[in-house]
Amino acid sequence: MSEVSRFYGGPGGLLATISSVFAAAGLDRATLRPADLAPVDEFHIRGRAASLEIVEALGLTPGSRVLDLGSGLGGPARTLTELTSCTVVGVDLTPEFCEVATALSDWTGLSDRTRFQVGDATNTGLPDASMDAAMTVHVAMNIADKPGLYAEAFRVLRPGGRFVVYDVLQGEGGAVHYPVPWATDPSTSFLATPEEMRELLPAAGFEISAEVDSSDESLAWFQQLRARIQHDGPPPVTFAAFLGDAFGQMATNQVANLAERRIRTVMYTCSRPL
Ligand SMILES: C[S@@+](CC[C@H](N)C(=O)[O-])C[C@H]1O[C@@H](n2cnc3c(N)ncnc32)[C@H](O)[C@@H]1O
């Protein structure tokens, strides 16, 4: 198992933890909606709000086939299919995340439109031009081979298909404070700068139609999250379920990383030319 999967896999038993937390909070699995899972399964800065932006940017229709590179616990995939009735294939390096993502889709009645498989985002094994759209959300930070990642997205996308990248980028404020929610130290963290992204995506063949920097909103999101936790206590289940107690320090570091412009959050909407 790679260092990256070990980092995310945590102590194991994640599905049992989520299940018991929901039971203790009196939430009935049979009536769960994807939004109820957002505090744990939308594992990126600005959570479900960012996934709603991705739905818009991808321009999906019922039946669109979407690839999610680095699908995690499947929150973005379920949000997309809940709102558009598209079909999503998620590929993720961490086996436990794929198992839990599959179970959470079952709980929310979305198993027929989401599928999660273990694999590397730089080499999915999916057929050429088999997807109408693709996305990758807070994943490239762990991937050194960015040309390989974007080339794979380009290969599986049909001509005319859209690709959305929403990632954490290196800011101009200096080295990142660790630990962060994707790495304990720099050995598994590979942040591109916005300037590099503007070269990497076209080099893979994509045309970029929009670049939106949401760093100010991201800082506000973390500050509000921290304030809410201080005021009301943590929600029943959070990213701490798999990141452990270090999540508190990671969140504190993220506030500093954003405030000091050491990281940026940026969304690129691209397409594979016809
Ligand atoms: C911060 S989480 C984001 C998960 C999901 N995209 C979301 O937004 O909820 C990063 C995910 O990337 C996955 N990952 C990291 N490197 C990967 C690779 N080379 N191939 C596939 N998945 C990878 C990790 O296993 C983890 O699930």
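The values are calculated or read from the model by the stated rules, or taken from the named source; none is laboratory data. These figures come from a predicted structure and were not determined experimentally. Here Cβ is always computed from backbone atoms with ideal geometry, including for glycine, and neighbour counts include all displayed protein chains. Quick note on the areas: whole protein, heavy atoms, side chains included, nothing else; ligands and nucleic acids left out. Shrake-Rupley method; radii C 1.70, N 1.55, O 1.52, S 1.80 Å.
The antiparallel fraction among DSSP beta bridges confined to segment 3-271 stands at about 45%. Basic side chains Lys and Arg get +1 at the Cβ, acidic Asp and Glu get -1 at the Cβ, and with that the dipole of the chain about its Cα centre reaches some 300 debye. If the segment from residue 28 to residue 193 were pulled out straight at 0.36 nm per residue, it would be longer than the present Cα-Cα gap by 55.1 nm.
Counting protein heavy atoms only, the chain has 54 percent of its accessible area on carbon and sulfur, 1.4 angstrom probe. Remark: segment 133-274 carries a charge dipole of roughly 340 debye about the Cα centre, counting +1 on each Lys and Arg Cβ and -1 on each Asp and Glu Cβ. Answer rounded, prolate or oblate for the chain, using the Cα gyration tensor with square roots of eigenvalues a ≥ b ≥ c: rounded when a/c is under 1.5, else prolate when a/b is larger than b/c, else oblate. In terms of gyration-tensor shape, oblate. A dipole drawn for segment 3-271 from +1 and -1 charges on Cβ atoms has a positive end, and of 43, 139, 270 the residue lying farthest that way is 43. With a/c under 1.5 counting as rounded, go ahead and sort segment 97-138 into rounded, prolate or oblate using the C-alpha gyration tensor (a ≥ b ≥ c being the square roots of the eigenvalues; past the cut-off, prolate if a/b is larger than b/c, else oblate). It is prolate, given that a/c is not under 1.5 and a/b is the larger ratio. In the chain, taking the dipole from charged Cβ atoms about the Cα centre, the farthest positive-side position among 258, 101, 180 is held by 101.
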